[in-house]
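Worksheet: one structure, shown below.
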Amino acid sequence: MNTNSVDISRVESTRWEAVENDLVVGHGEVSQRPDGRLFVSIDAWHDQVFDQIAAAMLATLRRPLHTVVDEADGGLLSCWGRAGFVTRRRESEYLVSTDPGATGLGAVAPPPDITVVPAGSAEEGPLRVVDRVIRDEVEATIGWQEMPAEILRGPGGDTVMDPSLYVAAAQADRYVGLLRVVQVTRLPRLGLIAVRADQRRRGIGRAMLAQSLGALHDRGIPTATAEVNESNAAALALFESIGARRVAGNLELVLR
(Lines give C-alpha, C1' and ligand atoms only; values in the text may rest on other atoms or scores of the structure.)
Protein backbone atom coordinates (compact mmCIF):
# COMPACT_ATOMS: atom_id res chain seq x y z
CA MET A 1 0.00 0.00 0.00
CA ASN A 2 1.04 3.60 -0.48
CA THR A 3 1.37 4.92 3.04
CA ASN A 4 1.68 8.45 1.68
CA SER A 5 -2.00 8.23 0.73
CA VAL A 6 -3.10 7.30 4.24
CA ASP A 7 -4.65 10.12 6.25
CA ILE A 8 -4.47 9.89 10.06
CA SER A 9 -6.98 11.98 11.98
CA ARG A 10 -8.29 12.24 15.51
CA VAL A 11 -12.01 11.72 15.00
CA GLU A 12 -12.95 11.75 18.70
CA SER A 13 -11.15 12.67 21.91
CA THR A 14 -10.31 8.99 22.44
CA ARG A 15 -10.15 7.68 18.86
CA TRP A 16 -7.88 8.04 15.82
CA GLU A 17 -8.60 6.69 12.33
CA ALA A 18 -6.42 5.90 9.31
CA VAL A 19 -8.24 6.40 5.98
CA GLU A 20 -7.10 5.49 2.47
CA ASN A 21 -9.31 6.20 -0.52
CA ASP A 22 -12.31 6.74 1.78
CA LEU A 23 -11.72 3.36 3.45
CA VAL A 24 -10.84 3.04 7.14
CA VAL A 25 -7.70 0.88 7.23
CA GLY A 26 -6.92 1.21 10.93
CA HIS A 27 -7.88 2.88 14.17
CA GLY A 28 -6.42 3.60 17.58
CA GLU A 29 -8.09 4.23 20.92
CA VAL A 30 -7.11 5.45 24.37
CA SER A 31 -8.92 4.85 27.65
CA GLN A 32 -8.22 5.86 31.22
CA ARG A 33 -8.33 3.20 33.93
CA PRO A 34 -9.81 4.05 37.35
CA ASP A 35 -6.28 4.37 38.77
CA GLY A 36 -5.52 7.15 36.25
CA ARG A 37 -3.32 5.16 33.85
CA LEU A 38 -3.81 5.59 30.12
CA PHE A 39 -4.15 2.43 28.02
CA VAL A 40 -3.88 2.52 24.23
CA SER A 41 -4.86 0.03 21.54
CA ILE A 42 -4.34 0.00 17.77
CA ASP A 43 -5.95 -2.18 15.10
CA ALA A 44 -4.50 -1.75 11.60
CA TRP A 45 -4.43 -3.70 8.34
CA HIS A 46 -0.69 -3.16 7.82
CA ASP A 47 2.31 -2.61 10.08
CA GLN A 48 3.10 0.67 8.32
CA VAL A 49 -0.36 1.99 9.16
CA PHE A 50 0.06 0.82 12.76
CA ASP A 51 3.28 2.85 12.95
CA GLN A 52 1.57 5.94 11.55
CA ILE A 53 -1.35 5.72 13.96
CA ALA A 54 1.05 5.12 16.88
CA ALA A 55 3.12 8.17 15.92
CA ALA A 56 0.02 10.37 15.78
CA MET A 57 -1.25 9.14 19.15
CA LEU A 58 2.09 9.34 20.95
CA ALA A 59 2.59 12.90 19.73
CA THR A 60 -0.43 14.10 21.70
CA LEU A 61 -0.91 11.78 24.67
CA ARG A 62 0.75 12.21 28.06
CA ARG A 63 3.04 9.50 29.34
CA PRO A 64 3.36 6.91 30.69
CA LEU A 65 1.18 4.96 28.27
CA HIS A 66 0.22 1.31 28.69
CA THR A 67 -1.14 -1.46 26.51
CA VAL A 68 -1.95 -5.16 26.98
CA VAL A 69 -0.91 -7.76 24.40
CA ASP A 70 -1.33 -11.53 24.16
CA GLU A 71 2.13 -12.95 24.80
CA ALA A 72 1.70 -15.26 21.77
CA ASP A 73 1.07 -12.37 19.34
CA GLY A 74 4.62 -11.78 18.15
CA GLY A 75 3.57 -9.46 15.35
CA LEU A 76 1.70 -7.07 17.62
CA LEU A 77 4.50 -7.17 20.19
CA SER A 78 6.93 -6.13 17.44
CA CYS A 79 4.70 -3.23 16.45
CA TRP A 80 4.54 -1.90 19.99
CA GLY A 81 8.27 -2.48 20.39
CA ARG A 82 8.97 -0.25 17.38
CA ALA A 83 6.90 2.45 19.10
CA GLY A 84 9.17 2.21 22.16
CA PHE A 85 7.00 0.12 24.49
CA VAL A 86 8.69 -2.36 26.85
CA THR A 87 7.32 -5.12 29.09
CA ARG A 88 6.22 -3.97 32.55
CA ARG A 89 4.56 -7.13 33.85
CA ARG A 90 3.22 -10.52 32.80
CA GLU A 91 -0.19 -11.88 33.75
CA SER A 92 -1.13 -15.55 33.42
CA GLU A 93 -4.60 -16.82 32.63
CA TYR A 94 -5.65 -20.06 34.32
CA LEU A 95 -8.51 -22.49 33.84
CA VAL A 96 -9.77 -23.73 37.17
CA SER A 97 -11.94 -26.80 37.71
CA THR A 98 -14.90 -26.26 40.03
CA ASP A 99 -15.02 -29.95 41.00
CA PRO A 100 -13.98 -30.34 44.67
CA GLY A 101 -12.64 -33.78 43.80
CA ALA A 102 -10.25 -32.25 41.26
CA THR A 103 -9.20 -29.21 43.30
CA GLY A 104 -8.89 -30.96 46.67
CA LEU A 105 -10.97 -28.19 48.23
CA GLY A 106 -13.87 -30.38 49.28
CA ALA A 107 -12.60 -30.81 52.84
CA VAL A 108 -11.29 -27.26 53.25
CA ALA A 109 -12.80 -25.36 56.18
CA PRO A 110 -12.13 -21.79 57.34
CA PRO A 111 -10.31 -21.06 60.62
CA PRO A 112 -12.55 -21.49 63.72
CA ASP A 113 -13.15 -17.76 64.12
CA ILE A 114 -14.05 -17.21 60.44
CA THR A 115 -17.36 -17.76 58.66
CA VAL A 116 -17.46 -17.79 54.87
CA VAL A 117 -20.50 -15.83 53.66
CA PRO A 118 -21.76 -17.09 50.26
CA ALA A 119 -22.27 -14.82 47.28
CA GLY A 120 -25.57 -13.01 47.53
CA SER A 121 -25.59 -13.05 51.33
CA ALA A 122 -22.82 -10.58 52.15
CA GLU A 123 -23.87 -7.34 53.87
CA GLU A 124 -23.10 -4.29 51.79
CA GLY A 125 -21.79 -2.09 54.65
CA PRO A 126 -19.09 -4.44 56.01
CA LEU A 127 -18.22 -5.45 52.44
CA ARG A 128 -17.49 -1.86 51.48
CA VAL A 129 -15.40 -1.38 54.62
CA VAL A 130 -13.15 -4.38 53.97
CA ASP A 131 -12.87 -3.48 50.28
CA ARG A 132 -11.62 -0.02 51.23
CA VAL A 133 -9.22 -1.34 53.89
CA ILE A 134 -7.69 -3.87 51.48
CA ARG A 135 -7.37 -1.33 48.68
CA ASP A 136 -5.61 1.10 51.02
CA GLU A 137 -3.26 -1.68 52.19
CA VAL A 138 -2.39 -2.62 48.62
CA GLU A 139 -1.90 1.00 47.60
CA ALA A 140 0.45 1.55 50.55
CA THR A 141 2.63 -1.40 49.51
CA ILE A 142 2.88 -2.68 45.92
CA GLY A 143 0.29 -0.28 44.49
CA TRP A 144 -3.10 -1.14 43.04
CA GLN A 145 -1.63 -1.09 39.51
CA GLU A 146 -0.05 -4.46 40.32
CA MET A 147 -3.43 -6.06 40.84
CA PRO A 148 -5.27 -7.83 37.97
CA ALA A 149 -5.88 -5.67 34.96
CA GLU A 150 -9.64 -5.77 35.17
CA ILE A 151 -10.65 -3.08 37.66
CA LEU A 152 -14.37 -2.62 38.13
CA ARG A 153 -15.65 0.79 39.17
CA GLY A 154 -19.00 2.44 38.89
CA PRO A 155 -20.26 6.03 39.06
CA GLY A 156 -18.30 8.19 41.46
CA GLY A 157 -15.50 5.64 41.69
CA ASP A 158 -17.67 2.99 43.36
CA THR A 159 -15.55 -0.17 43.77
CA VAL A 160 -18.36 -2.45 44.99
CA MET A 161 -20.96 -2.03 42.27
CA ASP A 162 -22.82 -5.29 42.91
CA PRO A 163 -22.47 -6.78 46.42
CA SER A 164 -24.21 -9.97 45.24
CA LEU A 165 -21.06 -10.95 43.31
CA TYR A 166 -18.95 -11.25 46.48
CA VAL A 167 -18.12 -14.05 48.85
CA ALA A 168 -16.91 -12.65 52.19
CA ALA A 169 -14.95 -13.90 55.18
CA ALA A 170 -16.62 -12.75 58.41
CA GLN A 171 -14.86 -12.46 61.77
CA ALA A 172 -17.05 -11.36 64.70
CA ASP A 173 -18.60 -8.03 63.61
CA ARG A 174 -16.38 -7.36 60.59
CA TYR A 175 -15.35 -8.80 57.24
CA VAL A 176 -11.67 -9.63 56.77
CA GLY A 177 -11.65 -10.96 53.20
CA LEU A 178 -13.58 -10.98 49.95
CA LEU A 179 -13.73 -12.82 46.64
CA ARG A 180 -15.50 -11.53 43.53
CA VAL A 181 -16.82 -13.73 40.73
CA VAL A 182 -17.90 -12.02 37.51
CA GLN A 183 -19.23 -13.33 34.21
CA VAL A 184 -17.25 -11.27 31.69
CA THR A 185 -17.07 -14.01 29.04
CA ARG A 186 -18.76 -17.39 28.66
CA LEU A 187 -16.89 -18.60 31.76
CA PRO A 188 -17.10 -17.18 35.30
CA ARG A 189 -13.99 -15.23 36.25
CA LEU A 190 -12.42 -15.04 39.68
CA GLY A 191 -11.80 -11.32 39.47
CA LEU A 192 -10.44 -10.59 42.93
CA ILE A 193 -9.35 -12.61 45.96
CA ALA A 194 -8.09 -10.54 48.87
CA VAL A 195 -7.62 -10.80 52.62
CA ARG A 196 -6.71 -8.12 55.16
CA ALA A 197 -2.99 -7.98 55.87
CA ASP A 198 -3.37 -8.97 59.54
CA GLN A 199 -5.37 -12.10 58.59
CA ARG A 200 -3.26 -13.55 55.80
CA ARG A 201 -1.62 -17.00 55.81
CA ARG A 202 -4.50 -18.51 57.80
CA GLY A 203 -6.21 -20.28 54.92
CA ILE A 204 -8.98 -17.70 54.56
CA GLY A 205 -8.42 -17.19 50.84
CA ARG A 206 -8.46 -20.93 50.24
CA ALA A 207 -11.71 -21.26 52.20
CA MET A 208 -13.40 -18.52 50.17
CA LEU A 209 -12.13 -20.14 46.98
CA ALA A 210 -13.54 -23.52 48.09
CA GLN A 211 -16.96 -21.98 48.71
CA SER A 212 -17.02 -20.07 45.41
CA LEU A 213 -15.88 -22.95 43.22
CA GLY A 214 -18.17 -25.37 45.06
CA ALA A 215 -21.18 -23.11 44.43
CA LEU A 216 -20.33 -22.95 40.71
CA HIS A 217 -19.99 -26.74 40.63
CA ASP A 218 -23.41 -27.13 42.25
CA ARG A 219 -24.86 -24.96 39.45
CA GLY A 220 -23.40 -27.29 36.82
CA ILE A 221 -20.57 -24.95 35.79
CA PRO A 222 -17.44 -27.10 35.38
CA THR A 223 -14.75 -24.45 34.85
CA ALA A 224 -13.85 -20.90 35.84
CA THR A 225 -10.99 -18.61 34.84
CA ALA A 226 -8.55 -16.50 36.81
CA GLU A 227 -5.74 -14.09 35.98
CA VAL A 228 -2.66 -13.85 38.18
CA ASN A 229 0.28 -11.46 38.10
CA GLU A 230 3.36 -13.66 37.70
CA SER A 231 5.15 -11.68 40.41
CA ASN A 232 2.45 -12.65 42.95
CA ALA A 233 4.04 -15.82 44.33
CA ALA A 234 1.28 -16.44 46.89
CA ALA A 235 -1.51 -16.30 44.31
CA LEU A 236 0.42 -18.49 41.87
CA ALA A 237 1.02 -21.07 44.60
CA LEU A 238 -2.66 -21.04 45.57
CA PHE A 239 -3.94 -21.72 42.06
CA GLU A 240 -1.26 -24.25 41.21
CA SER A 241 -2.02 -26.12 44.45
CA ILE A 242 -5.60 -26.74 43.29
CA GLY A 243 -4.55 -27.97 39.86
CA ALA A 244 -5.34 -24.83 37.86
CA ARG A 245 -3.95 -25.00 34.32
CA ARG A 246 -2.16 -22.09 32.70
CA VAL A 247 -3.63 -21.58 29.22
CA ALA A 248 -2.44 -18.12 28.14
CA GLY A 249 -0.61 -15.03 29.22
CA ASN A 250 -0.79 -11.30 28.66
CA LEU A 251 1.99 -8.74 28.71
CA GLU A 252 1.40 -5.25 29.98
CA LEU A 253 3.70 -2.92 28.04
CA VAL A 254 4.62 0.63 28.99
CA LEU A 255 6.09 3.69 27.29
CA ARG A 256 7.54 6.16 29.77
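The values are calculated or read from the model by the stated rules, or taken from the named source; none is laboratory data. Bear in mind the structure is a predicted one, so any value in this text is a computation, not a measurement. FYI the Cβ positions are ideal-geometry reconstructions off the backbone, even for glycines, and counts take in every protein chain you see. These accessible areas exclude ligands, DNA and RNA; they are computed on the full protein's heavy atoms, side chains included. Shrake-Rupley method; radii C 1.70, N 1.55, O 1.52, S 1.80 Å.
By definition, a body whose alpha carbon gyration tensor gives a ≥ b ≥ c is oblate when a/c is 1.5 or more and a/b is not larger than b/c, and region 185-256 fits this oblate description.
Assign unit charges at the C-beta atoms only (+1 for Lys and Arg, -1 for Asp and Glu), then state the dipole size of region 1-119 relative to its Cα centre in Debye, rounded to the nearest 20.
For this selection, approximately 580 debye.
Expressed as an acute angle from 0 to 90° and rounded to the nearest 10, what is the orientation of the C-alpha long axis of helix 124-140 relative to the principal long axis of the chain? Approximately 60 degrees, to the nearest ten. Angle of helix 204-218 to the longest C-alpha principal axis of the chain, folded into 0 to 90 degrees and rounded to 10: 80°.
Size descriptors for region 24-130, from the alpha-carbon set: Rg then Dmax equal 21.7, 62 Å. Report note on the peptides 91-98, 63-70: ranked by the mean count of other C-beta atoms within 10 Å, highest first, their order is 91-98, 63-70.
Residues in the chain average 49 Å² of solvent-accessible surface per residue, probe 1.4 Å, ligands and nucleic acids excluded.
The value of relative contact order for region 26-111, using C-alpha pairs under 8 Å at least six residues apart, is 21 percent.
Note on the chain: the alpha carbon radius of gyration divided by the globular reference 2.2 N^0.38 Å gives 1.17. Of the solvent-accessible surface of the chain, computed with a 1.4 Å probe over protein heavy atoms with every protein chain present, carbon and sulfur atoms account for 50 percent.
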